[in-house]
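Okay, so here's the structure we're looking at.
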Amino acid sequence: MKLLIHGGFFSEFSQSTETKLAKQAAMERIAKSSFDFLKTHSALETVVFAVEQLENDPLFNAGIGSQIQSDGVIRMSASLMDGNTKKFSGVINVQQVKNPIRIAEHLMGVDDRVLGGEGANGYAVKNGFEAFSTEIPDRRAEFEAKRASHGTGTVGCVALDQDGKLAAATSTGGKGFEIPGRISDSATVAGNYANADCAVSCTGVGEDIVSGAVASKIVTRVSDGFSIEKAFNKTFDELKEFDGFAGAIGLDKGGGIYWQESHPKIVFAAYDGDNFTVFQ
Ligand code: ASP
């Protein structure tokens, strides 16, 4: 059993040492509680559990503390992929819910598994997800000061359970200051992908991640015989062709972990029950 979580990029300009330390402490707390959960739950259940906790922590740009779009509204995206059944589900640009990943989880049980905008909002209301504002004063202040900032967040988790099954989940408040209607990578197979061989969750500039088909390429390359390290390196080399801004964490079926970032610094943590490592 093993899991990795990520908390997106540290913004190059806006994060104090205090915030960095707080993020590291949150990563440790969430990685450890999620690993405890993994002992008695599947990889699929665990990635949802981990991402929900990351969404609930205002330090990260997902759920509570999400970025505000250019029209002053928060729209969030999240997705879930079960490496065992090969099913992907997600919500794109959902509003006024606390935990977008829980709606993605709910959608696993229906035929239409990726919903966007009004459809996603309506589905949440109809299925009992309570109305909730994820706005926090810091994000509003940034918005008012028109400080569009890339890379303050997005969260993700990849997990390998005791049955050898893999899953990935990713959730984001977006880039900040987007044109309403912009689609994030986080609820696409470029940002979140898993199969029986490998699971990957990405953060960074969604347009670059989609252009590079990052998560789906890494996972496919592992299935085609690449080591996880080679699959990451080749995929990130291809991003260099257009200076793509991305970071990713990955886990293979043998418990091998790997990560890459095209620019500094993605924050992530790995835990296997014995060794906890936080990387930044
Ligand atoms: N990937 C997210 C997006 O483009 C943002 C991020 O990871 O910080 O919506």
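Just so you know, all these numbers are worked out from the coordinates, no wet-lab data involved. This is a predicted model, so every value here is computed, not measured. As a convention, Cβ positions derive from the backbone with ideal geometry for all residues, glycine included, and neighbour counts pool all protein chains shown.
Please identify the helices of the chain, taking whole runs of DSSP H, that span at least 30 Å along their own axis as judged from the Cα atoms and have a mean Kyte-Doolittle score of -1.0 or higher.
Details: long enough: 17-38 (31 Å, -0.29).
In the chain, the long hydrophobic H runs are 17-38.
Nearest 5 is fine: what % of DSSP beta bridges in segment 34-116 come out antiparallel, could you say? Working shown, then result.
Numbers: 6 of 9 bridges.
Roughly 65 percent of the DSSP beta bridges within segment 34-116 come out antiparallel.
Connecting C-alpha atoms closer than 10 Å in a GNM of the chain, tell me which of 270, 26, 199 has the biggest fluctuation.
26
Under 5 Å between amide hydrogens, which residues at least 5 positions from residue 265 or on another chain qualify, with H placed 1.01 Å from N in the peptide plane?
HN-HN under 5 Å from residue 265: 10.
Rounded if a/c is under 1.5, else prolate if a/b is larger than b/c, else oblate: which is segment 4-118, with a ≥ b ≥ c the root eigenvalues of its Cα gyration tensor? Before the final figure, lay out the partial values.
Numbers: a/c = 2.52, a/b = 1.16, b/c = 2.16.
Judged from the Cα gyration tensor, segment 4-118 comes out oblate (a/c at least 1.5, b/c at or above a/b).
For segment 89-115 and segment 132-192, what is the separation of their Cα centres, given in Å?
14 Å
Restricting the count to DSSP beta bridges whose residues both fall in the chain, what percent are antiparallel, rounded to a multiple of 5? If you can, show how the numbers build up before the last one.
Numbers: 47 of 50 bridges.
Of those bridges, close to 95 percent are antiparallel.
Give a residue-ordered list of calculated ³J(HN,Hα) values for segment 261-269 (Karplus: 6.51 cos²θ - 1.76 cosθ + 1.60, θ = phi - 60°; whole Hz; x for Gly, Pro).
9, 7, 9, x, 9, 7, 9, 8, 9
Over the chain, with a Gaussian network built from C-alpha contacts below 10 Å, which listed residue (252, 112, 57) shows the highest mean-square fluctuation?
Checking each option, the largest mean-square fluctuation is seen for 112.
Using a 10 angstrom cutoff on alpha carbons, build the Gaussian network for the chain and name the most mobile of 132, 35, 177.
Highest fluctuation among the options: 132.
Rounded, prolate or oblate: which fits the chain when a ≥ b ≥ c are the square roots of the eigenvalues of the alpha-carbon gyration tensor, with rounded for a/c under 1.5 and prolate only if a/b beats b/c? Before the final figure, lay out the partial values.
Working: a/c = 1.36, a/b = 1.21, b/c = 1.13.
It is rounded, given that a/c, with a ≥ b ≥ c, falls under 1.5.
Among the lysines, which have Cα under 24 Å from the Cα of residue 265 when same-chain residues fewer than 8 positions away are ignored?
2, 20, 23, 32, 146, 175, 217, 230, 234, 240
Under 8 Å for C-alpha pairs, at least 6 residues apart: give me the relative contact order for the chain, rounded to a whole percent. Write down the numbers at each step before the final one.
Working: 759 pairs, mean separation 69.6, N = 280.
Relative contact order for the chain comes out at 25 percent.
In terms of the Cα gyration tensor, with a ≥ b ≥ c the square roots of its eigenvalues, is segment 161-247 rounded because a/c is under 1.5, prolate because a/b exceeds b/c, or oblate?
On the way: a/c = 2.85, a/b = 1.40, b/c = 2.04.
In terms of gyration-tensor shape, oblate.
Got the relative contact order for segment 95-215 handy, in percent, Cα pairs under 8 Å and 6 or more residues apart?
Numbers: 162 pairs, mean separation 24.2, N = 121.
This gives 20 percent for segment 95-215.
Report the Cα centroid-to-centroid distance between segment 218-261 and segment 1-67 in angstrom, as an integer.
21 Å
For residue 132, what is the net charge nearby, where nearby means another residue's Cβ is under 12 Å from its Cβ and Lys, Arg count +1, Asp, Glu -1? Could you put the intermediate results ahead of the total?
Working: positive: 98, 102; negative: 55, 130, 135.
Combined, the nearby Lys, Arg, Asp and Glu give -1.
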